[in-house]
Structure formats: C-alpha cells, structure tokens
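The values are calculated or read from the model by the stated rules, or taken from the named source; none is laboratory data. Being a predicted model, the structure only gives us computed values, none of them experimental. Heads up, the Cβs are rebuilt from the backbone with ideal geometry, glycines too, and the neighbour counts pull from every protein chain shown.
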Amino acid sequence: MLSNISNRLKLIASYAETNDTVADIGTDHGYVPIWLIQNNACRNVILSDINSGPLEKAKENIREHLGDVETDIRQGSGLSVLRPGEADMIVIAGMGGILTSKIIEADMDVALSAKKLVLQPRRDAALLRKYICNSNHFIIVEEQVVRENRKLCEILVVKPSSDNNVHQDEAEVELRNAAAGRGLSDSFLFEFPPLWLRGQGDASALVEYRLRGANTIRKSIIRNGNAPDSEERLREIESRIADISKFLELINIYAV
Ligand SMILES: C[S@@+](CC[C@H](N)C(=O)[O-])C[C@H]1O[C@@H](n2cnc3c(N)ncnc32)[C@H](O)[C@@H]1O
C-alpha cells in the first residue's frame, strides 16, 4: 500500500468522482492513479507519459503498491493517447504552463470531451490562465495553492464551456469585478487569480511570498540607484507592491 502522497498530489486526486475515468498525463511515478485505485476514488485510471523511463517507474510502483492489478498504461505525447470521451477527468501536473497549454491546444477535441481538467503548472501559471481565458472554450471553476515541501504549487480546475453561453463562473466574475473595481488589471489577475480572494489553502501565503519578493527587488533598486533605468524600475515595482497589497486587503474582505 502507498501509505501517503504529497498534499499536492492528494489535492489533485481529490477532484476525482467515483464514476470517473481519470487520465493522468505525464504521470511519471504514477502516484495519483495508484492513490485513486487504492482509495476506490474513481472507476478507472489511464496512466500516460511521453517517455518510457517514467512509465517503467510507474509500472514498478504499481507492482509494489497494488500488486498484480491490470492498469491501462499508454506512451505518447499529451492528450494524443486518448480518444474523445475516454476520460472524465484529465490531470496535467508538474509541467510548465506553456507546455500544458500546448498539450490542450494540440488535442482540443479530447480536452473538450472531458468533464474537467485538473492543471498544476510548475511555472508560468499566469500564461496558462491567459491561454485558458482567451481560448473561450473553458472556464476556471477552482483555484488552489498547496505547499509541497518548501514550494507553493498552483492548481487550476477547468471545465469546458461548450454550451456557448457559459463562459464564466459566477463566483469568479463577482471576485474579478471586485478586483477590477480596485484598479487591478487583467494581466495582474492572470498572475493573482480572483478565486484566490476566497483565501483558501495557501493562497495568502503565496501572495505574501510574492509581496516579500517585490519588496526585496525594491530595496535592491534603491541600493543601486545610479543605474540608468532605476527610476522607471522603481516606479514599476512600487506599482506592483501597491497592487499586491490591494489584493491582500481584498482577501481579508472576501475570505470564506
Ligand atoms: C515533473 S514530472 C511530473 C510528474 C507528475 N505528474 C507530478 O505532478 O508529480 C513531468 C512528467 O511529464 C512527462 N512529459 C513531458 N512532456 C510530456 C508530454 N508532452 N506528454 C506526456 N508527458 C510528458 C515527463 O516525461 C515527466 O514524466
């Protein structure tokens, strides 16, 4: 038995419903599907990876933790391993946000046929949100931040909005309007998504971490004040600090 997995992987797995077929794209160690099977948390799993090394690792872990259970393991890039309608929930975790968006774009018919996609970009989450929002094919219904070791990881739950009418989640719209009312721009809100204003999980910790980072940059610009562009950089970083501070104030108002 797999006695435990990280809070990040556990949270990803928690979005599965008992009747779901869950496809874990870029599964590597295979812990999410193993955890799901062990806990009877879904009907079926599909494990896939572009590389054979990770799939061998996943097979070994399956043998160790599940014994002789037959599992559906596929090698290939992104969603190309799936037929439309095969997976209810698609997990793409631990890859860059740009790669994640390319994987979705390359097999849009498969992505749109799922009930939900659970995305956990390792970096460039803002670019992934921008892609999702501008695609007009999906809505972001949940945003979470969870700590894994010392890293704060962003998780987006995305649903296809194929009925042409529903392009936005109501709760998200209300929070977005509140943020826009304070002058926070769309590009800022790709980095600091409105759903974080609910203050769940470690969202505040990540906002505070970025505020500390911005303050450190401000101090270093002031220390090296003779650089030719330092005035402009100082203006920019102070504007970012002001925006992050407004966002933190909004968390205090809207936290559930
Ligand atoms: C850092 S690991 C993440 C493992 C696991 N999903 C997690 O979140 O802990 C990234 C995995 O994605 C795989 N990968 C990279 N590009 C891929 C693609 N285009 N399609 C499928 N898998 C891919 C890599 O081989 C690697 O095993």
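Overview of values
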item: Subset of the range 169-184 that is out of contact with any Phe, Trp or Tyr (no Cβ under 8 Å at 6 or more places or on another chain) and more than 12 Å from LYS246 (Cα to Cα) - its residue that is modelled with the lowest pLDDT; result: ASP169
item: Enumeration of residues in the range 30-55 that are of a type in the set (D, E, K, R) and surrounded by 18 or more Cβ atoms within 10 Å (Cβ to Cβ); result: ASP49
item: Selection count, the range 76-95, where residues are closer than 20 Å to TRP35 by Cβ and more than 8 Å from the ligand (Cβ to nearest atom); result: 4
item: Subset tally (residues that are out of contact with any Leu (no Cβ under 9 Å at 6 or more places or on another chain), among the aliphatic types (A, V, I, L, M) and outside any loop (DSSP other than H, G, I, E, B)) for the range 1-43; result: 4
item: Flag if ILE104 is touching a helix residue (DSSP H, G or I) at 6+ places or on another chain (Cβ under 6 Å), of a type in the set (A, V, I, L, M) and within 16 Å of the ligand (Cβ to nearest atom); result: yes
item: Subset of the range 45-75 that is near the ligand (Cβ under 8 Å from one of its atoms) and of a type outside the set (A, V, I, L, M) - its residue that is nearest to PRO160 (Cα to Cα); result: SER48
item: Residue check for ILE244: closer than 30 Å to MET95 by Cβ and among the β-branched types (Val, Ile, Thr); result: yes
item: Residue satisfying all of: in the range 28-44; hydrophobic (A, V, I, L, M, F, W, C) and touching a residue at least 40 places away in the same chain (Cβ under 8 Å); nearest to the ligand (Cβ to nearest atom) among these; result: VAL32
item: Check on GLU154, closer than 20 Å to GLU249 by Cβ, in the same structural domain as LYS115 (by TED's automatic domain parsing) and not β-branched (Val, Ile, Thr); result: no
item: Among the residues listed as LEU206, LEU189, the single one being within 21 Å of the chain's Cα centre (by Cα), within 21 Å of ASN7 (Cα to Cα) and modelled with pLDDT of 95 or more; result: LEU206
item: Residues of the range 131-153 satisfying the condition of being without any contact (Cβ under 8 Å) to a residue 60 or more places away in the chain and touching an Asp or Glu at 6+ places or on another chain (Cβ under 7 Å); result: ILE139, ILE140, VAL141, LEU152
item: Qualifying residue in the range 81-89 (condition: buried (at least 23 other Cβ atoms within 10 Å of the Cβ) and in contact with a Ser or Thr (Cβ under 7 Å, 6 or more places away or on another chain)); result: yes
